[in-house]
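*Asks:* Supplied in structure tokens, the structure appears directly below.
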Amino acid sequence: MYYTIEQLAPGLKNIDATFIVLQKVDDRILRDGKELVRYRVADKTGSVILPLFQPFIGHVQGGDILKLSNGYATIYEKRLHLYVGPGTIQKIGEFTMTYTDSPDMSKEVNEGNK
């Protein structure tokens, strides 16, 4: 089902969405040795953090317009994240998408506000 970023909520599955990559937030090596890169992505309704693992790392950069199919949303480190999960992600364009970075759907949530 197609969702805008503003409609994302913890526990949603089968998310289809289109968004633009704003910037790389950070990268890290996990305990199991896998590399993780987190990006801030946005559409016309808001922004969220999109963590990516291989094989997607290195193929995504700021300005890319991506289409996610069958992703999911969950809280990690008190912030909403949008994951590719069992789904797919593909680049469909560059730099030509209207977006806003507010509201930040990955803003830290309090335990009582989940």
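The values are calculated or read from the model by the stated rules, or taken from the named source; none is laboratory data. Fair warning: this is a prediction, and the values are worked out from it, not measured in the lab. For neighbour counting, all protein chains shown are included, and Cβ atoms are generated from backbone atoms with ideal geometry for every residue, glycine included. The accessibility values were calculated without ligands, DNA or RNA, using every heavy atom of the protein model including side chains. Shrake-Rupley method; radii C 1.70, N 1.55, O 1.52, S 1.80 Å.
*Asks:* Can you tell me which condition F19 does not meet? The list is (1) among the aromatic types (F, W, Y); (2) open to solvent by 10 Å² or more (accessible area, probe 1.4 Å); (3) under 11 Å from the mean Cα position of the chain (by Cα), and all the others hold.
*Replies:* All conditions are met except number (2).
*Asks:* Here's something else I'd like to know. Looking at the stretch 31-62 only, could you name the residues that are within 20 Å of P86 (Cα to Cα), open to solvent by 60 Å² or more (accessible area, probe 1.4 Å) and in contact with a strand residue (DSSP E or B) (Cβ under 9 Å, 6 or more places away or on another chain)?
*Replies:* E35, F53, Q54, G58, H59, listed by residue number.
*Asks:* Give me the pairs, please: first residue somewhere in the stretch 92-114 and within 17 Å of V25 (Cβ to Cβ) and assigned to a loop (DSSP other than H, G, I, E, B), second residue anywhere and acidic (D, E) and modelled with pLDDT of 75 or more, beta-carbon distance under 9 Å, and either six or more positions apart or on two chains.
*Replies:* Y99/D43; P103/E6; M105/E6; E108/E77
*Asks:* Just one of the numbered conditions (1) open to solvent by less than 70 Å² (accessible area, probe 1.4 Å); (2) over 10 Å from the mean Cα position of the chain (by Cα); (3) within 15 Å of Y3 (Cα to Cα); (4) not aliphatic (A, V, I, L, M) is not true of H81; which one?
*Replies:* Tallying (1) open to solvent by less than 70 Å² (accessible area, probe 1.4 Å); (2) over 10 Å from the mean Cα position of the chain (by Cα); (3) within 15 Å of Y3 (Cα to Cα); (4) not aliphatic (A, V, I, L, M), H81 fails exactly one: (2).
*Asks:* For the stretch 63-75, state whether one or more residues are under 11 Å from the mean Cα position of the chain (by Cα), within 18 Å of L8 (Cα to Cα) and open to solvent by 50 Å² or more (accessible area, probe 1.4 Å).
*Replies:* Checked the stretch 63-75: at least one residue is under 11 Å from the mean Cα position of the chain (by Cα), within 18 Å of L8 (Cα to Cα) and open to solvent by 50 Å² or more (accessible area, probe 1.4 Å).
*Asks:* With (1) at pLDDT below 80; (2) over 11 Å from the mean Cα position of the chain (by Cα); (3) open to solvent by less than 60 Å² (accessible area, probe 1.4 Å) as the list, and M105 as the residue in question, which single condition is left unmet?
*Replies:* Unmet for M105, out of (1) at pLDDT below 80; (2) over 11 Å from the mean Cα position of the chain (by Cα); (3) open to solvent by less than 60 Å² (accessible area, probe 1.4 Å): (2).
*Asks:* Considering only residues that are part of a loop (DSSP other than H, G, I, E, B), in contact (Cβ under 8 Å) with a residue 24 or more places away in the chain and either surrounded by 15 or more Cβ atoms within 10 Å (Cβ to Cβ) or in contact with a Leu (Cβ under 7 Å, 6 or more places away or on another chain) (or both), which ones fall in the stretch 1-13?
*Replies:* Result: L8, P10, L12.
*Asks:* Which of the residues belonging to the stretch 43-77 are of a type in the set (D, E, K, R) and modelled with pLDDT under 90?
*Replies:* Looking only at the stretch 43-77, we keep the residues that are of a type in the set (D, E, K, R), and these are 43-44, 64, 67, 77.
The answer is E77, and nothing else.
*Asks:* When the stretch 14-35 is examined, which residues are found to be touching a Leu at 6+ places or on another chain (Cβ under 8 Å) and outside any strand (DSSP E or B)?
*Replies:* Selection gives L30 alone.
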